[in-house]
2 protein chains.
Amino acid sequence: MSSESEEDLVFKALAAPIRRRMLDALKADPLTTGALCEAFPDLDRCTVMQHLKVLEDAGLVIAQKRGRERWNHLNALPIRDIHERWIGPYAAYAAEKMAQLRDRLG
Amino acid sequence: MSSESEEDLVFKALAAPIRRRMLDALKADPLTTGALCEAFPDLDRCTVMQHLKVLEDAGLVIAQKRGRERWNHLNALPIRDIHERWIGPYAAYAAEKMAQLRDRLG
């Protein structure tokens, strides 16, 4: 991550549970804005678009226009940067082993 | 991560730049609360301890008492869980390649 203000956009975007659930919805496949609205029937279209804007400004979602449709893709890079910042490639193995231990004990 | 409220503690803890910098300070080695106060001379001890409490409640810091000293350790597990949630082991290689490409182009 390059600057604290860019990072801030990422962490603030992730701070809202509804936006984390939107990223979950985009994990498997990109979705059109219409499909995303259908996946979150409790929210009106305007609210969905506002959350998408926050995610897009943070670089967590990349939008692609195809005809009249807007396809929203999850961008994994800011997530990877969080991992890299505090874990990094060398500690990843240890973190994985600890997670396995926790899951066995839990 | 087990529940949305537990996750919320993690993302709210990470949402403050000062707490992210504290985790940076703990990345290489655990620090006593005193050493952490010295590393953040702009903050009084009480403020440092409040931030540590938020990080500890989120599971991002694990405190260990040794005599009269309190050693603060970075706990990588919640960070790994964020990575796992949206990237996972299968997409990690692709995310790594994309990051390398970005860094070459940037």
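No lab work stands behind these numbers, since they all come straight from the coordinates. Here the structure is a predicted model, which is why all the values come from computation and not from measurement. Using ideal geometry, Cβ is built from the backbone for each residue, glycine included, and neighbour counts are taken over all protein chains shown.
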- Query: Would you call A:A92 within 11 Å of chain B (Cβ to nearest Cβ) and in contact with a helix residue (DSSP H, G or I) (Cβ under 8 Å, 6 or more places away or on another chain)?
  - Reply: yes
- Message: I'm trying to understand the selection: among the residues of region B:1-35, which are crowded, with 16+ Cβ neighbours inside 10 Å and at the interface with another protein chain (Cβ under 8 Å from one of its Cβ atoms)?
- Response: B:E7, B:D8, B:F11, B:K12, B:L14, B:A15, B:R20, B:L23
- Among the residues of region B:21-35, count how many are farther than 24 Å from A:A94 by Cβ and either in a loop (DSSP other than H, G, I, E, B) or not hydroxyl-bearing (S, T, Y) (or both). 1
- Query: Can you name the helices (runs of 4 or more DSSP H) wholly within region B:36-106 that have at least 3 residues being loosely packed, with under 11 Cβ neighbours inside 10 Å and either at positive phi or free of Cβ contacts under 8 Å to residues at least 40 places away in the same chain (or both)?
  - Reply: B:88-105
